[in-house]
Amino acid sequence: MANLNKKQTYGLHRKRDKSLGLLELIAIALGGMIGGGIFTVLGVSVSMIGIFTPVAFIIGGLFATLAAYSYIKLGIYYKDEGATYSFFKKTFPNSSFAASLIGWWIVFGYISTLALYAYTFASYLISGFEFANNEWVRKSVAGSIIFIFTLINIWSVKGMGKIEDLMVYTKLIILIVISFVLINNSTMTLPVLIENNTETINILSILIVASLTFVAFEGFQLVIHAINEMEQPTKKIPKAIYSAIFITISIYVIIAIGAILSIPFEDIIQNKEYALASGADKVLGHWGTDLVIMGALLATSSAISGTLFGASRLMSVIAHDGYFPYSLTKRKNNIPTHAIIVMAILSFSLILVGDLKVILEFGSVTFLLVSFLMAFANFKIRKRTNSSFIITLFAMISLAIGTILIIYHEFKTQIEQLYFIGSLYLILTILAFIYSKFRQQTTTII
């Protein structure tokens, strides 16, 4: 007990390094957002709305901006590095079920993005081979990359950090190069493309795709996790998050425009799991394909590593509060090894039972729901957070509509996937309820 008290005292009184500046904070957000998202959702988007894909990315970015508003207000008010989970728990302190529910949903949202990034990594890695469309080969490779980064995260925080920094900055450079190379090698202009594609796409379809792309903007909240490592968080948090979202929208839109101008739609649609690589060889040559694949592998690898790192620690914190099995709190050299391993196993399980679209949709629905709950929490204490009634209400409505649109799309097109997603939420909600009741009983006994 004496050693524990020393550690607790050290944790409370140690001097924090406040060295993170605005550029570093923007980089943290970009590292979280520009992962496998653009490589994952591009093919799905083009297959649904064609030339209107860039518009969907812009609207998806606006959804993310509205979601970020409440995160920023709550982050500045609470100044808690626990972000989503901590904000909701503090806003509704008398409801253990609310805390448990947000904990289970957000962690499994991260598990779905982990699965999404690993699936996309595998798709691009094997895209040049004759077995590129073999689903079981793709899933095996996805499991292997999760296993590799599980070992890296367990091995060393410092080692993981150096690898992550290298991947984040390299992938940004490559993505920018890919964007302008695609546009410079385009075979037509946007007016000509619009004229040649006379198929009518209604606004509802664009909004559905915009909702599906929301998962590609997930990650801006990582800035809030670093609140204890920055000076003037009141100024830096909003600047960093809004700047990162704007940069992400710009990169996504430029890549989308370059892709639809230079790569035939049939190639993108037929090979949507690795859409950019599918047509890059014809447009950019062999070196261009290699560049696209390298960018995809770096982007997804960075996202896998960062998600495992951050979400496993969140899982450990939630377990410490009693809402997950207590064994997930176990750490070695301050690394939550049990949580990392469990996250890896669950994400691979999701890959085994689902495909790209169902994983994408589960991730988008989860983060839309969680962002709606954050907006609801901010709306509840809007006077304390000095938030706009109109903006917060509009954010809640927009995020709720985005969630409903995905559910509607699933109901109309693939109701089996809706049953699958609904079953997952039912299981998560039941488990959250059980653990909240168990925690209440434990607290009462103590």
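The values are calculated or read from the model by the stated rules, or taken from the named source; none is laboratory data. These figures come from a predicted structure and were not determined experimentally. In this analysis, Cβ positions are derived from the backbone assuming ideal geometry, glycine residues included, and neighbour counts consider all displayed protein chains.
Values computed for the structure shown
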item	result
Test: residue in region 357-366 that is over 19 Å from GLU218 (Cβ atoms), among the aliphatic types (A, V, I, L, M) and either surrounded by fewer than 18 Cβ atoms within 10 Å (Cβ to Cβ) or touching a residue at least 40 places away in the same chain (Cβ under 8 Å) (or both)	no
Search result, residues across region 408-427 that are in contact (Cβ under 8 Å) with a residue 12 or more places away in the chain and surrounded by 18 or more Cβ atoms within 10 Å (Cβ to Cβ)	HIS409, GLU410, GLN417, ILE421, LEU424
Subset of region 72-88 [of a type in the set (Lys, Arg) and not in a helix (DSSP H, G or I)]	LYS79
Number of positions in region 224-282 that are of a type in the set (Phe, Trp, Tyr) and modelled with pLDDT of 85 or more	3
Positions within region 342-369 being among the charged types (D, E, K, R) and in a helix (DSSP H, G or I), in sequence order	LYS357, GLU361
First in region 324-348 and surrounded by 13 or more Cβ atoms within 10 Å (Cβ to Cβ), second anywhere and among the basic types (Lys, Arg) and outside any helix (DSSP H, G or I), Cβ under 6 Å, 6 or more apart	HIS338/LYS330
Scope region 371-388; condition surrounded by 21 or more Cβ atoms within 10 Å (Cβ to Cβ) and not polar (S, T, N, Q); matching residues	PHE372, LEU373, MET374, ALA375, ALA377
The listed residue being closer than 20 Å to THR120 by Cβ, among the hydrophobic types (A, V, I, L, M, F, W, C) and within 24 Å of the chain's Cα centre (by Cα), out of ILE427, ILE397, ILE421, ILE404	ILE421
Residues of region 316-336 satisfying the condition of being in contact with a His (Cβ under 9 Å, 6 or more places away or on another chain) and part of a helix (DSSP H, G or I)	SER316, ALA319, TYR326, SER327, LEU328, THR329
Selected residue (criterion: surrounded by the fewest Cβ atoms within 10 Å (Cβ to Cβ)) from residues of region 184-207 that are modelled with pLDDT of 75 or more and of a type in the set (Val, Ile, Thr)	ILE203
Flag for SER70 being of a type in the set (S, T, N, Q), more than 18 Å from VAL209 (Cα to Cα) and touching a helix residue (DSSP H, G or I) at 6+ places or on another chain (Cβ under 6 Å)	yes
Matching entry among SER100, SER140, SER86 (being hydroxyl-bearing (Ser, Thr, Tyr) and more than 21 Å from the chain's Cα centre (by Cα))	SER140
Complete set of residues in region 111-132 that are touching a residue at least 12 places away in the same chain (Cβ under 8 Å) and surrounded by fewer than 24 Cβ atoms within 10 Å (Cβ to Cβ)	LEU125, ILE126, SER127, GLY128, ALA132
Tally, over region 283-292, of residues that are surrounded by fewer than 22 Cβ atoms within 10 Å (Cβ to Cβ) and at pLDDT 75 or above	3
Number of the exception - ALA56 against (1) closer than 20 Å to GLY402 by Cβ; (2) without any contact (Cβ under 8 Å) to a residue 12 or more places away in the chain; (3) aliphatic (A, V, I, L, M)	(2)
Count - residues of region 208-248 that are surrounded by fewer than 24 Cβ atoms within 10 Å (Cβ to Cβ), in contact (Cβ under 8 Å) with a residue 12 or more places away in the chain and among the polar types (S, T, N, Q)	3
Residue among LYS380, LYS412 that alone is basic (Lys, Arg), more than 22 Å from the chain's Cα centre (by Cα) and closer than 30 Å to SER123 by Cα	LYS412
